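Novice: Below is a structure I'd like to ask you about.
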């Protein structure tokens, strides 16, 4: 099929199921934008006012819809403007595809001062993506898009990037598109022997506790978490990034504040989809002298020192928890703790010490439907919502993760609203954060 690089890009995106692209047009992207125009009945091209917003909107879209969020920017300053959003998506396990233009391929690395040229652009893009590649010819474009989507759906879901030079987008060639395999599954499966060992340890525990992080949400594994917790009758402590992985309506769900009180009495902790580390020194979030740790994480770096793993299972969170539930003995355990009393204690403590802030949080929760999306920001009310704002569904509590990206909230909320037109989206900002996205 005779296609320009821009046409090949747009048509391969259609095959991959991409329906929305957030982007800012520019001279290096003219042929890509023209390709999108030609498939305008299948892909909507959404233009905000700043490249930073393209990446934030793609992130908010991805985390609240479960679909790939795609952004497209010009090279140089376009990429640099989008970096904060890509860094946030990287920290939050977000499926974001970044399509980045580049200067004429004949000028790469020459330092000629072409429009939007920056040194080592590929290395810059690599700092905020788990995989990135650069097209060398128009024929490469469908294969790179195909590989990018495979990477997004394999292992840990973090942003990926594809760079395409302006001359490759405009050049025409006989280009073959690639039909995706609907049965592809890049999830990491757990080791059976380790699952059996972990199930035995959990079954023999006096008080097992599950600590659920953002990896549970990234793996769309809320059902697996609930099934495992109910079979084990174990309290589930939800990290800040894991809020919503188990509804706060669930009798086994605990916030970090309530969970801290329970963790002190546990003898086995199952850490799922979390680094389980503070964001200052990287030390374990909580520790116990006689506490044994089981980890389930797709990233083996999650349990490296100073954290400790008695059993470490490298696996997709959903597949790992499903395997553990299947391996547990059928006889149900009973949770001896009165978790309702623990939750009441934590709530009373917050209302006693922070009555004004709790009043704000109560008003925010009352104004937002149970399935409404709440985008948190860096502000005093926002900090307290990490433990005090009730969350009832996956993908309804959005944070900047360990990046702590001031000003991310409003554009991220725009992406969430665009991807969920029938749902309420509530965003709070503070510390001047809203001004960062005014442009």
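The values are calculated or read from the model by the stated rules, or taken from the named source; none is laboratory data. As the structure is a prediction and not an experimental result, all values here were calculated from the model. Note that each Cβ is placed from the backbone with ideal geometry, even for glycine, and that neighbours are counted across all protein chains shown.
Novice: Within segment 1-13, is even one residue within 23 Å of the chain's Cα centre (by Cα), in contact (Cβ under 8 Å) with a residue 24 or more places away in the chain and assigned by TED's automatic domain parsing to the domain that holds residue 105?
Specialist: yes
Novice: Here is a further query. Which of the numbered conditions does residue 357 fail, given that it passes all the others? Conditions: (1) surrounded by 12 or more Cβ atoms within 10 Å (Cβ to Cβ); (2) within 24 Å of residue 269 (Cβ to Cβ); (3) in contact with a helix residue (DSSP H, G or I) (Cβ under 9 Å, 6 or more places away or on another chain).
Specialist: For residue 357, the exception is condition (2).
Novice: I've got another one for you. If I ask for residues that are touching a residue at least 40 places away in the same chain (Cβ under 8 Å) and assigned to a helix (DSSP H, G or I), which ones from segment 303-319 would you list?
Specialist: If we filter segment 303-319 for residues that are touching a residue at least 40 places away in the same chain (Cβ under 8 Å), which is where we start, we get 310-319.
Once the filter is applied, which keeps residues that are touching a residue at least 40 places away in the same chain (Cβ under 8 Å) and assigned to a helix (DSSP H, G or I), segment 303-319 yields 317, 318, 319.
Novice: So the check is Cβ under 9 Å with 6+ separation or different chains; which pairs have a first residue in segment 418-439 that's farther than 18 Å from residue 48 by Cα and assigned by TED's automatic domain parsing to the domain that holds residue 407 and a second one that's modelled with pLDDT under 85 and part of a helix (DSSP H, G or I)?
Specialist: If the second residue must be modelled with pLDDT under 85 and part of a helix (DSSP H, G or I), the pairs left are 429/436; 429/437.
Novice: Let me ask something else about it. Which count do you get for residues in segment 266-301 that are in contact (Cβ under 8 Å) with a residue 60 or more places away in the chain, in contact with a helix residue (DSSP H, G or I) (Cβ under 9 Å, 6 or more places away or on another chain) and either outside the structural domain of residue 207 (by TED's automatic domain parsing) or surrounded by 15 or more Cβ atoms within 10 Å (Cβ to Cβ) (or both)?
Specialist: Matching residues across segment 266-301 total 16.
Novice: Here is a further query. I'm trying to understand the selection: among the residues of segment 267-289, which are under 23 Å from residue 388 (Cβ atoms), more than 21 Å from the chain's Cα centre (by Cα) and modelled with pLDDT of 85 or more?
Specialist: Those that are under 23 Å from residue 388 (Cβ atoms), more than 21 Å from the chain's Cα centre (by Cα) and modelled with pLDDT of 85 or more: none in segment 267-289.
Novice: Among the residues of segment 194-208, is there at least one that is in a strand (DSSP E or B) and on the phi < 0 side of the Ramachandran plot?
Specialist: Looking for residues that are in a strand (DSSP E or B) and on the phi < 0 side of the Ramachandran plot, one finds at least one in segment 194-208, hence yes.
Novice: Return the total of residues in segment 360-386 being touching a helix residue (DSSP H, G or I) at 6+ places or on another chain (Cβ under 8 Å), without any contact (Cβ under 8 Å) to a residue 24 or more places away in the chain and either exposed (fewer than 14 other Cβ atoms within 10 Å of the Cβ) or assigned by TED's automatic domain parsing to the domain that holds residue 268 (or both).
Specialist: 0
Novice: Given the criterion crowded, with 22+ Cβ neighbours inside 10 Å and over 23 Å from residue 237 (Cβ atoms), identify the matching residue among 424, 413.
Specialist: Details: 424 fails: crowded, with 22+ Cβ neighbours inside 10 Å.
Residue meeting the stated conditions: 413.
Novice: Additional query: Residue 262 - would you say it is within 24 Å of residue 218 (Cα to Cα), surrounded by 17 or more Cβ atoms within 10 Å (Cβ to Cβ) and either touching a residue at least 40 places away in the same chain (Cβ under 8 Å) or in contact with a helix residue (DSSP H, G or I) (Cβ under 9 Å, 6 or more places away or on another chain) (or both)?
Specialist: In short, no.
Novice: Looking at segment 158-181, can you tell me whether even one residue there is outside any strand (DSSP E or B), within 24 Å of residue 84 (Cβ to Cβ) and touching a residue at least 24 places away in the same chain (Cβ under 8 Å)?
Specialist: Yes; the residues of segment 158-181 include at least one that is outside any strand (DSSP E or B), within 24 Å of residue 84 (Cβ to Cβ) and touching a residue at least 24 places away in the same chain (Cβ under 8 Å).
Novice: Among 246, 225, 168, 257, which is assigned by TED's automatic domain parsing to the domain that holds residue 35 and touching a helix residue (DSSP H, G or I) at 6+ places or on another chain (Cβ under 6 Å)?
Specialist: None of the other options fit; the residue is 168.
Novice: Hey, can you tell me all the residues within segment 48-64 that are out of contact with any strand residue (DSSP E or B) (no Cβ under 9 Å at 6 or more places or on another chain) and either surrounded by fewer than 24 Cβ atoms within 10 Å (Cβ to Cβ) or free of Cβ contacts under 8 Å to residues at least 24 places away in the same chain (or both)?
Specialist: 49, 50
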